[in-house]
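Engineer: Following this message is one structure expressed as structure tokens.
The values are calculated or read from the model by the stated rules, or taken from the named source; none is laboratory data. If you're wondering where the values come from, they're calculated on a predicted model, not measured in any experiment. Because the Cβ atoms are built from the backbone with ideal geometry, glycine has one as well, and the counts that use them run over all protein chains shown. Please note that ligands, DNA and RNA were not included when accessible areas were found on the heavy atoms of the full protein model with its side chains. Shrake-Rupley method; radii C 1.70, N 1.55, O 1.52, S 1.80 Å.
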Amino acid sequence: MELPEGIVLLDSLGDLQANNTHPILVCGSHCGDNGTLARKVKNGHVKAVFLNNAGVGKNQAGVSGLTHYEAENILACAVDCNSAEIGVSRDTWENGIISHTNTLADAAGIQIGDSVKEAVDTIINRIKHPSSTQIESLVKNDVKDNSSKVDLYKQTQTQIDGVRVTVTDSITFLNETNAGDIVVCGSHGGVSAGEYAQKRRVKAVFFNDAGIGKNNAGIKSLESLSDAGILACTVDCMSAEIFNGQDVLGNGIISVCNQLAKTRNIKEKMMVKEAIKLI
């Protein structure tokens, strides 16, 4: 697959490297944020990003990142979760339809209903030569970041009926010390998130269903996790905010369970805390 100059496809924002040299990022991740991911994207030298709206969900959490990206001078758009599979950047690139934009995207001439390819063409056509320097000129100049380095790998531990539970906003924030953990996270339940759960060898994981979306992409990892011996569930995106692990723990209502979860009598419409007591 040939891409225009300056574009990189990533299934997960967790895969973005600080030495990235591509100013336009088409990513399968959700567009939720509290500022943490926007700083990571800025540190990866990205100037324009396309993400999934994750069903929009509770408090419009699935597109909450748009303002945070704008604060970091990054043009940002979200695509409809029913137009492209969450966690699959190639589908975002080939089939994604813009559902939400920030004002930097508006100023560039990108409109709701545009395809991702059309939006990228709009960006490139604003300049004569689509070099990195010229693409960067489409958005505001970088402001020197004088803030202290932010720890991007936040997680907390809590106890439920004497059992330790790890809570994190993103499955990508886990590390090798989380092997065997019961994890409640704010990530979607798509394939790329499931790969992180398997990589970290967790015991059980609770995700956000991200509106489920195209081809059931928001819950697609659940059965492969069951095959890997990992109990997994998603919560309804209207019950808990995506990218908010504490909200998933406190308010998440289970929408889908894998086979291992069902063997523990975990069921749909059960609260996450109730389900954890059955593990």
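Engineer: Could you list all residues from the stretch 68-88 that are polar (S, T, N, Q) and within 19 Å of Gly186 (Cα to Cα)?
Structural biologist: Scanning the stretch 68-88 gives no hits.
Engineer: One residue is enough: does the stretch 50-59 have a residue meeting the conditions surrounded by fewer than 24 Cβ atoms within 10 Å (Cβ to Cβ), under 23 Å from Gly250 (Cα atoms), in contact (Cβ under 8 Å) with a residue 12 or more places away in the chain and out of contact with any helix residue (DSSP H, G or I) (no Cβ under 7 Å at 6 or more places or on another chain)?
Structural biologist: yes
Engineer: While we're on this one: When you go through (1) open to solvent by 50 Å² or more (accessible area, probe 1.4 Å); (2) touching a strand residue (DSSP E or B) at 6+ places or on another chain (Cβ under 7 Å); (3) farther than 18 Å from Ile242 by Cβ one by one for Thr21, which number turns out not to apply?
Structural biologist: (2)
Engineer: Given the criteria aliphatic (A, V, I, L, M), open to solvent by 10 Å² or more (accessible area, probe 1.4 Å) and either in a loop (DSSP other than H, G, I, E, B) or out of contact with any helix residue (DSSP H, G or I) (no Cβ under 7 Å at 6 or more places or on another chain) (or both), does Val8 qualify?
Structural biologist: yes
Engineer: Report every pair of residues separated by at least 6 positions or lying on different chains whose Cβ atoms are under 8 Å apart, first residue within the stretch 60-82 and open to solvent by 10 Å² or more (accessible area, probe 1.4 Å), second at pLDDT below 95.
Structural biologist: Qualifying pairs under 8 Å: Asn73/Val139; Asn73/Lys140; Asn73/Asn141; Asn73/Asp142; Asn73/Val143.
Engineer: Next question. Please state which of the following conditions Leu104 fails to meet, knowing it meets all the rest: (1) of a type outside the set (Lys, Arg); (2) open to solvent by 10 Å² or more (accessible area, probe 1.4 Å); (3) within 19 Å of Val191 (Cα to Cα); (4) in contact (Cβ under 8 Å) with a residue 24 or more places away in the chain.
Structural biologist: Tallying (1) of a type outside the set (Lys, Arg); (2) open to solvent by 10 Å² or more (accessible area, probe 1.4 Å); (3) within 19 Å of Val191 (Cα to Cα); (4) in contact (Cβ under 8 Å) with a residue 24 or more places away in the chain, Leu104 fails exactly one: (3).
Engineer: Among the listed residues Asn82, Asn95, Asn34, which satisfies the condition of being under 19 Å from Lys220 (Cα atoms) and within 16 Å of the chain's Cα centre (by Cα)?
Structural biologist: Asn82
Engineer: Considering only residues of the stretch 107-129 that are part of a loop (DSSP other than H, G, I, E, B) and open to solvent by less than 40 Å² (accessible area, probe 1.4 Å), which is nearest to Val56 (Cα to Cα)?
Structural biologist: Step by step, filter the stretch 107-129, then rank; the result is Asp114.
Engineer: Of the residues in the stretch 240-266, how many are open to solvent by 20 Å² or more (accessible area, probe 1.4 Å), of a type outside the set (A, V, I, L, M, F, W, C) and closer than 20 Å to Ala228 by Cα?
Structural biologist: Of the residues in that region, 5 qualify.
Engineer: Applying the selection to the stretch 31-49, what residues are of a type in the set (S, T, N, Q) and surrounded by 24 or more Cβ atoms within 10 Å (Cβ to Cβ)?
Structural biologist: none
Engineer: Of the residues that make up the stretch 254-277, is at least one within 20 Å of Thr158 (Cβ to Cβ) and among the polar types (S, T, N, Q)?
Structural biologist: For the stretch 254-277, residues within 20 Å of Thr158 (Cβ to Cβ) and among the polar types (S, T, N, Q): absent.
Engineer: Restricting to the stretch 155-183, what's the tally of residues that are within 28 Å of Cys81 (Cα to Cα) and either modelled with pLDDT under 95 or more than 15 Å from the chain's Cα centre (by Cα) (or both)?
Structural biologist: Final tally of qualifying residues: 5.
Engineer: Moving on. Mind checking which pairs have a first residue in the stretch 158-180 that is without any contact (Cβ under 8 Å) to a residue 60 or more places away in the chain and of a type in the set (Val, Ile, Thr) and a second that is open to solvent by 50 Å² or more (accessible area, probe 1.4 Å) and part of a strand (DSSP E or B), Cβ under 7 Å, 6 or more apart or different chains?
Structural biologist: Once the first residue is without any contact (Cβ under 8 Å) to a residue 60 or more places away in the chain and of a type in the set (Val, Ile, Thr) and sits in the stretch 158-180, its partners that are open to solvent by 50 Å² or more (accessible area, probe 1.4 Å) and part of a strand (DSSP E or B) give Thr166/Gln157.
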